[in-house]
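What follows is a short report on a single structure.
The values are calculated or read from the model by the stated rules, or taken from the named source; none is laboratory data. Treat the numbers as computed from the prediction; the structure is a model and nothing was measured. Note that we place each Cβ from the backbone using ideal geometry, even for glycine, and neighbour counts take in every protein chain shown.
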Amino acid sequence: MTGVLGSIFRKAGLVLVIAIVVAAIVWDPGRQDWPDDGKTHIRYWYIVAAEDQIPFTVRRFNEAQDTVVVHATPIPWQEHEKKILTAVLSGDPPDVVSQFVPVVRWASRMALRPIDDLIAETGFDMDTFFPALVEEVTWMDRTFALPANTASYAFFYNRAMLAEAGLNPDRPPQSWNEVREYSKVITRYDDRGRMLVAGFLPPFSGGHAGILGNLSIAALQSWQLGANYMSEDGTVVNMDSPEVLRAVEWTKDYYRDYDFQTVQAFIGGLGTGEQHGFLTGKLAMVVLDMSFLDLIRRYRPDMDFGVVETPSFEGFPTASMAGSWWLGIPRGASNPRAAWDFMRFATRADIQLEELAARDDDLFPANRLAAVDSSFLVSPEIEVFVRQMEFAHSPIVVPLAHGVFWREFYNALERSIYGQQSPETAFAQAERQVQESLNRSTDYDEYVREHMAFMEE
Amino acid sequence: MSTPRIKRLREAATGYAFLSPWLVGFLVFGLYPIGMSLYYSVSRYDVLRVPQYIGLENYTTLLFDDPYFGISIWNTLVYTALRIPLAVGGSLVLAILANQALKGIKIFRTIFFLPSIITGVVLSVIWLWMFNPQFGLVNTALGWVGLPGPLWLQSTEWSKPGLALMGLWSIGGARMIVFLAALQGIPEQLYEAVDIDGGGAWARFKHVTLPMLSPVIFLWTVLEVIFSLQVFTEAYVMTKGGPLNSTLFYNLYLYFKAFDDYEMGYASAMAWILLVITLVITLFQFQLGKKWVHYTGEG
């Protein structure tokens, strides 16, 4: 009896194991069956922080026509890029994605489908977007995405703190040297010499992102002075030009006004988000992007502040930086045409304005017609941000070595400010590292082009 | 084919079939990635495009041309050297305290254990506030005893000791439990022998407790060295490698290369070098262990 039972158990176990293995091989958890309604169903992946609701553009698109249905899937913020790229790599990507990482980071790795054929086929006008944003979605003379929303940077100042320091709140600093003078007047210490309030602190480390501002003042200044980090043909990196060195020297010189250790201790106590130094009244002046207006409205609605163009050196124009949320079609997407219909719908001026009206935060529309509409320009601050877009630079300085460039830039800046190296030596070293990385990437890129024909699709 | 042979084959097939879930898992999610990682380490590869074979270039670039390789190795070794005594020694001391026959000792053991269940990211954020140079708890406490508080994570000198100090947070965790179990397994007659010889508390500790605990101390030292060489979360959340790359640990740099720059080939080469370093240090520890680890039952 035991032998018979044992045999039955063994056979049943064998069948079960084989069934599990076969199921594991053939089961496709990603496969979705859409209703057979004659419509084209597409998948749209978008990133969410906390709220999990269907995006306005999806709802509006699905209502506005009856041939394509967009199914929106929220992707949690954590490691979102890797999740989407994994789907691309698996060969079963969504039809359209919303992202904010540099487009070229995906385009250069062939994660996105070029959309020039769709643009030509439908007569779509890319001039509807700000030039800096068009530059951001272009790689090797091909277009890979449509800008959806953007951000530009401007100079925030706390009027009450200026007044408290005896400065005229109606006359914010006009130049970097005035920023330096204002800052000295505003900065206060307690009786133990600890810094309580600072006027302005230009970031000098990559770790200052979000704390002192999301862009490098030294990089911004170098753009104002006319720095060009790449040769015309995009093959030679130039990080130690006189313009860059002058900007770095300014920051180095700036910190001579303060005890550096006291500044470091002060920065160590600053936070991000609702704990940002500008919101908590510890920083009087900062260069920030437009989304900060929402934070002020949410956490410090009573704050008396102003926003003006970023100061520059005497005789040089202002500058800003543009970042962009974009919509793109991943490589291998099964319904590019339907995805394209959704993309151009979502970036239409009237839809962007409708979306703006439906939300309680300030989205900066990438569509220029929407950005200059009176329903968007509801405050002098927003007007400043729109004007700043005309002076915006793309953060994609060295497309094939984007991450390396910014890491090396901050490393060199840090070494200069700490006095570990002279700015000349630090930035020459950074240039070598970025150039080597660019050379490796270019070599790899050429190899890939010989072995993958994707770009010619 | 003879019947016994068929029977043996059938038995073997049944055995492998039952093994197959694990076997398939190991081959697909273990051996295959390890093999591919070795291949990628001699390639340029960015995950989304075909790999380009480049021989040992990644390794030579790392060893001879990459200024951050040496920095990250140094940072990791210093961190490891600082952390091990704190983590292993701290757990041992706590286990000895928790081994005392006091009323309510079980409650104390639970309290000691609790901090260790907090996850790395949460822990990092808590310590970020504790290390606040101006108003943080650590510097405030130092101020009470008249010591000037350092800049901690803002300082190139104190950032690594600061992160190593965080290891104290988890001394009441698994290490303490294992030490406690080992302590309770020490035969009482060994202590009685010391008492008969007229030895005091120190002699009991030196000649009985320590030798009897040496296999556990050795185990935790080996494991903690391996864990410490892979330090990542604290630096990623708290310092991003700064200031001045003083907390750019090896795994953090590997992460930057893999997931910021998508240089997976380069990152794979880094991973293999880390494996070799870990292997060398572990073998060295085993050699050293022969001189001080005492196993009961050995002649």
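Counting the residues of region A:265-315 that are hydrophobic (A, V, I, L, M, F, W, C), more than 18 Å from residue A:198 (Cα to Cα) and either within 19 Å of the chain's Cα centre (by Cα) or modelled with pLDDT under 90 (or both) gives 4. Report yes if residue A:385 is away from every other protein chain (no Cβ under 12 Å), under 19 Å from the mean Cα position of the chain (by Cα) and over 19 Å from residue A:249 (Cα atoms), otherwise no. Here the answer is yes, as residue A:385 does meet what is asked. Among the residues of region A:320-349, those identified as more than 30 Å from residue A:287 (Cα to Cα) and of a type in the set (D, E, K, R) are A:331, A:337, A:341, A:344.
Among the residues of region A:93-112, those identified as at pLDDT below 95 and of a type in the set (D, E, K, R) are A:105, A:109. Does residue B:126 qualify as being in the same structural domain as residue B:85 (by TED's automatic domain parsing), free of Cβ contacts under 8 Å to residues at least 12 places away in the same chain and of a type in the set (Val, Ile, Thr)? Spelling it out, residue B:126 is indeed in the same structural domain as residue B:85 (by TED's automatic domain parsing), free of Cβ contacts under 8 Å to residues at least 12 places away in the same chain and of a type in the set (Val, Ile, Thr). For region B:24-48, name all the residues that are exposed (fewer than 15 other Cβ atoms within 10 Å of the Cβ) and free of Cβ contacts under 8 Å to residues at least 12 places away in the same chain. Matches in region B:24-48: B:25, B:26, B:27, B:28, B:29, B:30, B:31, B:32, B:33, B:34, B:35. Only one of the listed residues (B:177, B:96, B:111, B:171) is among the aliphatic types (A, V, I, L, M), away from chain A (no Cβ under 14 Å) and exposed (fewer than 15 other Cβ atoms within 10 Å of the Cβ). That residue is B:111.
Of the helices (runs of 4 or more DSSP H) lying entirely inside region B:204-299, those containing at least 3 residues that are loosely packed, with under 15 Cβ neighbours inside 10 Å and of a type outside the set (A, V, I, L, M) span B:264-292.
Looking at this structure, is residue A:440 within 11 Å of chain B (Cβ to nearest Cβ) and either free of Cβ contacts under 8 Å to residues at least 40 places away in the same chain or under 20 Å from the mean Cα position of the chain (by Cα) (or both)?
When the stated conditions are applied, residue A:440 passes them.
Considering only residues in region B:65-82 that are surrounded by fewer than 17 Cβ atoms within 10 Å (Cβ to Cβ) and within 12 Å of chain A (Cβ to nearest Cβ), the one that is farthest from residue B:252 (Cα to Cα) turns out to be B:65. Among the residues making up region A:98-147, a single one is of a type in the set (Gly, Ala, Ser), more than 18 Å from the chain's Cα centre (by Cα) and part of a helix (DSSP H, G or I): A:120.
Exactly one condition in (1) within 12 Å of chain A (Cβ to nearest Cβ); (2) at pLDDT 90 or above is not met by residue B:17; state its number. Status for residue B:17: all satisfied but (2).
With B:167, B:198, B:149, B:143 as the choices, which residue is assigned to a loop (DSSP other than H, G, I, E, B) and in contact with a Gly (Cβ under 9 Å, 6 or more places away or on another chain)?
Among B:167, B:198, B:149, B:143, only B:149 is assigned to a loop (DSSP other than H, G, I, E, B) and in contact with a Gly (Cβ under 9 Å, 6 or more places away or on another chain).
Given the structure, is residue A:421 more than 9 Å from chain B (Cβ to nearest Cβ), modelled with pLDDT of 95 or more and assigned to a loop (DSSP other than H, G, I, E, B)? When the stated conditions are applied, residue A:421 passes them. Taking (1) surrounded by 21 or more Cβ atoms within 10 Å (Cβ to Cβ); (2) more than 14 Å from chain B (Cβ to nearest Cβ); (3) at pLDDT below 95 in turn, residue A:141 satisfies each apart from (1).
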